[in-house]
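The values are calculated or read from the model by the stated rules, or taken from the named source; none is laboratory data. Note that the coordinates shown come from a computational prediction; the quantities given were computed from them, not determined experimentally. Cβ coordinates were reconstructed from backbone atoms using ideal geometry, including for glycine residues, and neighbour counts include every protein chain displayed. Just the protein is used for accessible areas: all its heavy atoms, side chains included, with ligands, DNA and RNA removed. Shrake-Rupley method; radii C 1.70, N 1.55, O 1.52, S 1.80 Å.
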Amino acid sequence: MKFSDNPQFKGYLAEKKQDIYQRTSDGVQETEPFQRLLSILAECRRKVEEQDFRLILISKEDLSRLCFDADTKAMNLFRNATFLTNRTVLVGSDLTIQNSNNDPFPDGDNDARRFFASLATNDMVVFHVAPNAMVHFFMDGNDYGDGIFYTRDSLTRYEERRTIEQLREVLDEYRIELTRQNTYLKFFVTKSALRAFHSLACPEKDERTFLENHKHLLNNKPEELFREDIRNYIKNHMKIVVTREETLENLDRLDIELTDEDGQDLYFIEIKWVGESIGLSGDRPGKEFKAQPRIKPDAVKQVVGYIDELLKEDKNVKIGYLAVFDARKEDLEDTGTGISESDVPENLRKHFHRFVKLPDFRVKNINPR
Amino acid sequence: MSNKEELMLANADIMTIIAHAKRIGWDSVSTNTLQRVVYLMKVLYSFCHSDENEFVQYHFSVTVFGPYSDLVYKSLAFLLSSQRLLGDLDGEVRLNSSDGIDSISEDKKKWMDVILLILGKYGESKVFSFIVNDPQYDQAVKANISSEINTDLENDTLKVLNDFKKAFEETLTDTSTISEEEYISLYFDYLFGQIIEKK
């Protein structure tokens, strides 16, 4: 099994032993009022946005007697003028302010954390509320910024990732990534494999010219390499859920399916490539795909067909993207040039507005290795 | 149990869940979240209880947006049409009446609070990620089954949770302070770590 047979996981548990005991038996963290207040503070921050960090102090005793309607009282607190004009407030069990001050917090993460922890003594619990609704707490002089299995830093990095609305920005950055040798090399046949290809196919020809003329050759089945590369880039840079290939009822598969973090809307990306790949045996070119008819009209029809099918299956598809990796030998115009509604059958044209052809993802083997 | 009786019970469940969700600051809840929350309440139930699953009447199938139960849908439709809830079936719903709230067993209420408090720590927007990472749901998606998701005692989620607990028991000298609910909470902490690190 995943955990009990996993020495690494058990080693991690042993390391975190103290944190686990504190979390499950310190008389505060495991209680209902504490967990409720933690959730309420984050929700209030989401509803009442502001750019300042806030410190909310409450005694353990008051916390244990947290009022029943704390959700309403907390909203009142977040809109209270004293709260808005003071960085630090001390509240009672009904979340009314008992004391406040506007002293600045120390500069620097570590100094600030030490300061917050120093306030969390004498049975006081300190909640630190960030503008992005992350809530950390300090208690018994300790900093509880991290979960047992995640750190505050990784949570901050995650919250800073882009949302589905920013997909195109992320893909523009990915285009830049594709110009880096470490990224593009994986798509192309290596120099040594090209030399082998040369000696098998046409040893009489000049090797250097052969290598130059064939450096654009893609590895066999490049679609899988492209799909995984772009999928990983999206996963690592966006706050969305990238699920596995979705199988439609007719057994076609969507290459990449994306849903926003809430899981409300569906987007998908169909991946195609144009250029030339090497054959499976490595001694002759394999497939060559050109912009027409591969992209226009075939891929356009395919994507709009998928949109139609998803909508028929009551799936809330917003947009179907067509992403084309352009590995053609020459620098040619975008494969989407001239795509129009007339490329799809009449019965599917009603969905054409949900189709987006992304600008080509150019991959060039500038410095082969 | 007749369809009408099932619907009446579901109405009480849904009203109670929405009322208790408000207590953790969720003033309104999306209908998708409600489907997901009821699913988690059902699939995790037997980890903490030895009696019959209190959510036995809910039958879930796989959709792109998570588990779906027709009973939850029908109950929401009924509660909206009778104005006990405000909102719409494809969006957010919120309370407009106290009818039916807490008219369920104490144990069931407590269990609802356990799950809501765990989810509340991460926020409503993360519930979908937990669903996608749920072993039983994942298994159902992989198998591409359109029939009911297995939520009985042999379900994959319970197997994984039991193994998670076993790792704690075999590593820590004393686990007597860790309740079953805490194990679920720690497991979600683990899942959340996996989600944000995109492991």
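By how many nm would the segment from A:LEU332 to A:GLN51 grow when fully extended, if each residue of separation counts as 0.36 nm and the alpha-carbon distance is taken off?
Working: separation 281, 0.36 × 281 = 101.16 nm, distance 4.73 nm.
Extra length available between A:LEU332 and A:GLN51 comes to 96.4 nm.
Accessible surface of A:LYS287, taken over heavy atoms with a 1.4 Å probe and every protein chain present, rounds to 120 Å².
Summed over the residues of the protein assembly as shown and divided among them, the accessible surface reaches 45 Å² per residue at a probe radius of 1.4 Å. Excluding ligands, DNA and RNA and using a 1.4 Å probe, chains B and A jointly bury around 4900 Å² of accessible surface, summed across both partners.
Rounded to the nearest 0.05, what FRET efficiency do A:ARG369 and A:THR82 have when you use their Cβ-Cβ distance and R0 = 60 Å?
Values: r = 64 Å, r/R0 = 1.07.
Calculated value: 0.40.
Would you please classify the overall shape of region A:31-159 from the alpha carbon gyration tensor, given that a ≥ b ≥ c denote the square roots of the eigenvalues, rounded means a/c under 1.5, and beyond that prolate means a/b larger than b/c while oblate covers the rest?
On the way: a/c = 1.25, a/b = 1.23, b/c = 1.02.
Rounded, because the longest to shortest axis ratio a/c is under 1.5.
Amide H contacts under 5 Å for A:LYS357: A:LEU322, restricted to partners 5 or more places along the chain or on a different chain, H placed in the peptide plane at 1.01 Å from N. Counting Cβ atoms of other protein chains within 10 Å of each residue's Cβ and taking the mean over peptide A:19-27 gives 4.
Estimated at 0.36 nm per residue, the fully extended path between A:LEU311 and A:ALA14 surpasses their Cα-Cα distance by 101.9 nm. By the gyration tensor of its Cα atoms, with a ≥ b ≥ c the square roots of the eigenvalues, what is the shape of region B:61-105: rounded for a/c under 1.5, prolate for a/b over b/c, or oblate? Oblate is the answer for region B:61-105, as a/c is 1.5 or above yet b/c matches or exceeds a/b.
Computed about the Cα centre, the dipole magnitude for region A:31-159 is approximately 220 debye when only Lys and Arg (+1) and Asp and Glu (-1) carry charge, each at its Cβ. Share of carbon and sulfur in the accessible area of region A:31-159 stands at 47%, probe radius 1.4 Å.
So what's the net charge close to B:ALA140: Lys and Arg +1, Asp and Glu -1, counting the other residues with Cβ under 12 Å from its Cβ? The partial results should precede the final answer.
On the way: positive: B:LYS142; negative: B:ASP134, B:ASP138, B:GLU148, B:ASP156.
Computed value for this residue: -3.
Short-range pairs are left out: with C-alpha atoms under 8 Å and at least six residues apart, the relative contact order of chain A is 11 percent. Per residue, chain A reaches -10500 deg cm²/dmol at 222 nm when only DSSP H runs of four or more residues are counted, each adding -39500 (n - 2.57).
Helix A:222-237 and the longest principal axis of the Cα set of chain A meet at an angle near 20°.
Legend: mean number of C-beta atoms from other chains within 10 angstrom of residue C-beta atoms, peptide B:176-185, equals 3. Here the 3J(HN,Hα) profile of region B:28-44, calculated from phi with Karplus coefficients 6.51, -1.76 and 1.60 at θ = phi - 60°, is 10, 10, 6, 5, 5, 4, 4, 4, 5, 5, 5, 4, 5, 4, 6, 5, 8 Hz, Gly and Pro shown as x. Angle, helix B:180-197 long axis vs. longest principal axis of chain B, Cα atoms, 0 to 90°, nearest 10? Helix B:180-197 sits at roughly 90 degrees to that axis. Using the Cβ-Cβ distance between A:ARG349 and A:SER281 with R0 set to 41 Å, the FRET efficiency works out to roughly 0.40. In percent, rounded to a whole number, the relative contact order of region A:100-221 is 13, using alpha-carbon pairs under 8 Å and six or more apart. Within the assembled protein chains, the solvent-accessible surface assigned to B:SER129 is about 10 Å², based on a 1.4 Å probe.
What does the helix-only formula give at 222 nm for chain B: each DSSP H stretch with n ≥ 4 adding -39500 (n - 2.57), the total divided by the residues, and the result rounded to the nearest 500 deg cm²/dmol? Calculated from helices alone, the mean residue ellipticity at 222 nm is -18500 deg cm²/dmol. Under 19 Å from a label point 7 Å along Cα→Cβ of A:GLN98: give me every residue in region A:108-149 with its amide N that close. Zone members listed by number: A:117-128, A:138-141. Counting, for every residue in B:124-136, the Cβ atoms of other protein chains within 10 Å of its Cβ and taking the mean gives 3. Considering the dipole of the protein assembly as shown built from charges on the beta carbon (Lys and Arg +1, Asp and Glu -1) around the Cα centre, which of A:THR96, A:TYR12, A:PRO222 is farthest to its positive end? Checked the options; the winner is A:PRO222. Interface residues of region A:304-353, defined as a loss of at least 10 Å² in heavy-atom accessible area between the chain alone and the complex of all protein chains with a 1.4 Å probe, are A:LYS315, A:ASN316.
Within region B:45-75, the residues that become at least 10 Å² less accessible when every protein chain is included than when their own chain is isolated (1.4 Å probe; DNA, RNA and ligands ignored) are B:VAL64, B:PHE65.
For B:HIS20, the solvent-accessible surface computed with a 1.4 Å probe is close to 20 Å², ligands and nucleic acids excluded. Taking label points 7 Å from Cα along the Cα-to-Cβ direction, A:ASN236 and B:ASP51 give a separation of 5.1 nm. With the simple spin-label model, which puts each label point 7 Å out from Cα in the Cβ direction, the A:PHE115 to A:ALA196 separation comes to 6.3 nm.
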